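Values quoted throughout were computed directly from the atomic coordinates according to the rules given, and no laboratory measurement underlies them. The structure presented is a predicted model; accordingly, all values stated were derived computationally and were not measured. Every residue, glycine among them, receives a Cβ derived from its backbone with ideal geometry; neighbour counts consider all protein chains shown.
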Amino acid sequence: MTHSYVVAAEARDDIRGILIWSQQHFGDQIRDAYEELIFAGLSDVASDPMRVGSHAEPELGATVRSWHLALSREHVASQVRRIKSPRHFVIYRAGSDEVTILRILHDAMNLPAARIPSAR
């Protein structure tokens, strides 16, 4: 069962920052490819929040999980350039029928130090 998902303001800011950085450092094509990858990752967690490869993040909350975007590489349309080594992961809260995307963070970030939105 696919869940609907909502994107918290902090995650929207993360996405915006990632795409701006990607465009400045790698150009339009890579920026567009990373955008496709991010939204493939959001679709993946919405389609199955408990999917194999996701991880519980109990230090962030009882229902908080993470999903690395590298695991969504094969779900990007074939005509879109695939990102070889994505460096971001999705932090989300899995509800009974809705997933809340809390943050999109760089994989070098110290998770406990990340500012994660509280339950809404």
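Remarks
- Likely footprinting exposure, 47, 96, 22, fewest C-beta neighbours within 10 Å first: 96, 47, 22
- Crossing angle, helix 28-47 versus the chain [Cα axis fit, 0-90 degrees, rounded to tens]: 30
- Chain lengthening between residue 85 and residue 9 when straightened (0.36 nm per residue, less Cα-Cα): 24.8 nm
- In loop segments of segment 6-73 as defined by DSSP, the trypsin sites (Lys or Arg not before Pro) with at most 14 further C-beta atoms inside 10 Å of their C-beta are 51.
- Net lengthening on full extension, residue 75/residue 97 (0.36 nm per residue, minus Cα-Cα): 5.7 nm
- Size of charge dipole - the chain - debye, nearest 20, with Cβ of Lys, Arg +1 and Asp, Glu -1, no other charges: 200
- Normalised contact order of segment 4-113, rounded percent, pairs of Cα under 8 Å and 6 or more residues apart: 32
- Going by neighbour counts of Cβ atoms within 10 Å, the residues 15, 30, 91 line up, fewest first, as 30, 15, 91.
- Pairwise FRET efficiency - residue 28 versus residue 56, Cβ, R0 = 41 Å, nearest 0.05: 0.65
- Share of pairwise Cα separations in the chain, more than 17 Å, in percent: 53
- For residue 53, net neighbour charge (Lys/Arg +1, Asp/Glu -1) across residues whose Cβ lies under 15 Å away: -2
- With respect to the chain, whose longest principal axis is taken over its alpha-carbon atoms, helix 9-26 is tilted by about 20°.
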